[in-house]
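The values are calculated or read from the model by the stated rules, or taken from the named source; none is laboratory data. Nothing here was measured: the structure is a model prediction, and the numbers come from that model. Positions of Cβ are generated from backbone atoms using ideal geometry, with glycine treated the same way; all protein chains shown enter the neighbour counts.
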Amino acid sequence: MSTMDLTLLAARAVTPAGIVPVAVGVRDGRIAAVEPLGTSIPAARTVQLGDDEVLLPGLVDTHVHVNDPGRSEWEGFDTATRAAAAGGVTTIVDMPLNSLPPTVDPDALQVKRKAADGRVHIDVGFWGGAVPGNLASLPRLHEAGVFGFKCFLLDSGVPEFPPLTHFELADALRVLREFDGLMIVHAEDAEVIDAAPPSCGRRYRDFLASRPRRAENEAIKAVITLARRTGARVHILHLSSADALPLIADAKAEGLPVTAETCPHYLSFHAEAIPDGATQFKCCPPIREEANRDALWQGLADGVIDCVVSDHSPCTEDLKLLDTGDFGHAWGGVASLQLGLPAVWTEARRRGHDLSHVVSWMATNPALLAGFARKGRLAVGADADLSVFAPDEPFTVDVHKLAHRNPVTPYHGRDLIGVVRTTWLRGREVTGTDPFGQLLTRGDS
């Protein structure tokens, strides 16, 4: 065996074969060998993991709002990708909205790529946007390398990214079907929410009532109907309502091209424990009741939910209205990019799951969703994107020690288990000082 650039020796590693002791050889940024621990793999550098550490494939987070350019005071590529690396995430896909311009045509994609160039500490891909009037841009964006298209079925919160009607969504799906494109959908029904009591003031229960489960359920039902009618691939974003799980399960059983994700905050928190005025917890759809959280976990265990991704949607402190605690007017979004792995692992382990399940939800399946052929798995031929994780080490979240730009997160003060000690991108350790990540395009990753 010729000399490798790097060998990592781990008593525990999460591989497609399970959690096993391995020696991993890396050459030219790819995994070139995965052998039983004890096998000699000569290398220019050898790293021995500690007895308390597990080697994981780098996580893939397909739901991140970087907000750059245009609203970089909310986040930005430098801080977002440093936070991701600190949390064991080696690939993100950036959402098409909250940046200015939104990524709804190839020119806007080039503006975003220019803003990111030379500033990313991990690999970054991009979603395109589907909005009224840009049908002709969808094939062009696909050719330009986006990994799929996001749409809203209700107000997105920013005027430059308006929602699609069901008729417009059907038209967009027919276009995507021609090139097997993926539509990822913020599925809440506008009419149901318009009929719900408006949210105002400090009481979380009033905010929760303003975004009822029925809004998700009806929207998901409509998306599934259109997937059946058009044959296009659809993905349900940030599932919060466990009531919709049977709809998704039935669609999968029917053979429809439907997938779904949920997020760490829906699996970690529950409505009964959210204090009034704590707008750092506000997100849409909302964090629901404890029984709903338990049902989402069951949906993961049953394979109805495919992925767990962050929906990292940060903003400046003032937009959260932490001084007044007004849920009706605060920006909705949870900042958690660095904390997804320990947050999910803390809950998963007490529910009987092991790290191979977590890796499936947070690395392998998101990579499959986006079409990353070389990401999300610790196997020969894959990119050497890896993280060293101490799964038994406890810590208390201090928002001021997190790498994302603004010190706001609902996890502040929460006790979690599991610490990412190092992250490797294509066989190089990510330090946060030398941004050597790549900008990815569909088909090349």
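Assorted remarks:
- Residue match in segment 260-268 (condition: of a type in the set (S, T, N, Q) and in contact (Cβ under 8 Å) with a residue 60 or more places away in the chain): yes
- Matching residues in segment 210-257 - criterion: being surrounded by fewer than 21 Cβ atoms within 10 Å (Cβ to Cβ), without any contact (Cβ under 8 Å) to a residue 40 or more places away in the chain and more than 30 Å from Pro198 (Cα to Cα): Arg228, Asp250, Ala253, Glu254, Gly255, Leu256, Pro257
- With respect to the conditions (1) surrounded by fewer than 21 Cβ atoms within 10 Å (Cβ to Cβ); (2) farther than 15 Å from Ser336 by Cα; (3) touching a residue at least 12 places away in the same chain (Cβ under 8 Å), Thr433 falls short on a single one, namely (3).
- Those residues of segment 384-411 which are buried (at least 17 other Cβ atoms within 10 Å of the Cβ) and either in a loop (DSSP other than H, G, I, E, B) or at pLDDT below 95 (or both), in sequence order: Ala384, Asp385, Val397, Leu402, Ala403, His404, Arg405, Asn406, Val408, Thr409, Pro410, Tyr411
- The condition of being within 16 Å of Phe152 (Cα to Cα), acidic (Asp, Glu), part of a helix (DSSP H, G or I) and in the same structural domain as Arg288 (by TED's automatic domain parsing) holds for Glu191.
- Segment 3-40, residues that are of a type in the set (Val, Ile, Thr) and either in a strand (DSSP E or B) or crowded, with 21+ Cβ neighbours inside 10 Å (or both): Thr7, Val14, Thr15, Ile19, Val20, Val22, Val24, Val26, Ile31, Val34
- Hits in segment 277-293 (condition: more than 19 Å from Ala215 (Cβ to Cβ) and touching a residue at least 24 places away in the same chain (Cβ under 8 Å)): Gly277, Ala278, Thr279, Gln280
- Listing of helices (runs of 4 or more DSSP H) fully contained in segment 98-180 that carry 3 or more residues being in contact (Cβ under 8 Å) with a residue 60 or more places away in the chain: 166-178
- Number of the exception - Val34 against (1) farther than 30 Å from Ala108 by Cβ; (2) assigned by TED's automatic domain parsing to the domain that holds Lys112: (2)
Let's see how each residue does on (1) at pLDDT below 95; (2) touching a helix residue (DSSP H, G or I) at 6+ places or on another chain (Cβ under 6 Å); (3) in a loop (DSSP other than H, G, I, E, B); (4) more than 21 Å from Glu168 (Cα to Cα):
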{"site": "Ala215", "(1), (2), (3), (4)": "no, yes, no, no"}
{"site": "Leu226", "(1), (2), (3), (4)": "no, yes, no, no"}
{"site": "His235", "(1), (2), (3), (4)": "no, no, no, no"}
{"site": "Ser240", "(1), (2), (3), (4)": "no, yes, yes, yes"}
{"site": "Asp243", "(1), (2), (3), (4)": "no, yes, no, yes"}
{"site": "Ala249", "(1), (2), (3), (4)": "no, no, no, yes"}
{"site": "Gly255", "(1), (2), (3), (4)": "no, no, yes, yes"}
{"site": "Ala260", "(1), (2), (3), (4)": "no, yes, no, yes"}
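- Checklist (1) closer than 30 Å to Trp331 by Cα; (2) among the acidic types (Asp, Glu); (3) crowded, with 19+ Cβ neighbours inside 10 Å applied to Asp415, failing item: (3)
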